[in-house]
Amino acid sequence: MTHTIAVAGKGGVGKTTVCGMLIDALIKDGKGPLLVVDADANSNLNEVLGVEVETTLGAVREEIAQAELRGDVIPKNMTKADYAEYRFNSALVEEDDFDMLVMGRTQGKGCYCYVNGILKTQVDKYVGNYRYTVIDNEAGMEHIARGTLPHVDTLLLVSDCSRRGIQAVGRIAEMVRELNLKPTTMRLIVNRAPNGVLSEGVKEEIAAQKLDLLGVLPQDEAVYEADCDGRPSSKIPDSSPMKQALHALLKQLSL
């Protein structure tokens, strides 16, 4: 069975960058093949990984919906269900060490219930073929709360080194407990800490939120420079302080 790792936290704390570096570390440790799922409607994990994504599940769903309005959705030799399956299969990005599904978004107003359902169907179809599934969640836990994604074995809560960031992941952790989701492991990673050191106030907030601190990632200029230059931040040198710190944390998880 696949081991499912989900990364969650509020927006702007470097959650997707941490997720990308986690994927890079698992691949280099020979943990592949991986199924990588970008479950954020505002998807950019592919940019962190340096992967070109031609289409997303949301884009395919929109394409089919618009074609139905025009009356030209289905080739004559295919049923509607067969055509939809064919098009959704095309959204799986195949790389050497991992395959990737990107949820994406639909156009216009309204909720994402339909595309969430599509994501669940596609993940359920593929997940058994991989040793590890790594999921970059949106800012929050909607997918897990709705049952969109499979049971999570390892849940990594990512925050920056601010009280508000810690409070945000504290609320996510509380939701996980209230929903009785029971991940095997739920740990906190604090990102972008100056010199990799937490203030006493942040330590107090971690304790107040009853969070299990896995470790701290330092502020790393190499990540900032990669983002500014449009380079995939997961590909910065392994000697970078952030990557070295993350690799040490992963050893603690015994993945």
Could you order Ile27, Ile172 so the one with the most accessible surface comes first? Probe is 1.4 Å. Ile27, Ile172
Express in Å², to the nearest 10, the accessible area of Phe88 obtained by rolling a 1.4 Å probe over the protein heavy atoms while all chains stay in place. 20
May I ask you to give the solvent-accessible area per residue for region 1-129, in square angstrom, as obtained with a 1.4 angstrom probe? 49
Percent antiparallel among DSSP beta bridges with both residues in the chain, to the nearest 5? 5
Hey, rough spin-label estimate for Arg131 and Ser239, points 7 angstrom out along Cα→Cβ, what's it come to in nanometres? 2.8
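At 0.36 nm per residue, and after removing the present C-alpha to C-alpha distance, how many nm does the segment from Met175 to Lys76 gain when stretched out fully?
30.9 nm
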Which residue fluctuates the most in the chain, going by a Gaussian network model with Cα springs under 10 Å, if the choices are Leu181, Leu35, Leu49? Leu181
With label points built 7 Å along Cα→Cβ from the Cα atoms of Val197 and Leu213, find their separation and express it in nm. 1.3
Cross-link candidates for Lys182: which lysines have Cα within less than 16 Å, leaving aside residues fewer than 8 places away along the same chain? Lys210
Select from Ser90, Ser234, Ser199 the residue whose mean-square fluctuation is largest in a Gaussian network model of the chain (Cα-Cα springs shorter than 10 Å). Ser199
Where does the Debye-calculated log10 I(q)/I(0) of the chain sit at q = 0.08 Å⁻¹, using only Cα point scatterers of equal weight, no solvent? -0.32
Quote the FRET efficiency, to the nearest 0.05, computed for Ser90 versus Asp29 with a Förster distance R0 of 25 Å and r equal to the Cβ-Cβ distance. 0.25
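The values are calculated or read from the model by the stated rules, or taken from the named source; none is laboratory data. Note that this is a predicted model, so its numbers are computed, not measured. Here Cβ is always computed from backbone atoms with ideal geometry, including for glycine, and neighbour counts include all displayed protein chains. Each accessible area value is taken on the protein alone, full model and side chains, heavy atoms only, with ligands, DNA and RNA left out. Shrake-Rupley method; radii C 1.70, N 1.55, O 1.52, S 1.80 Å.
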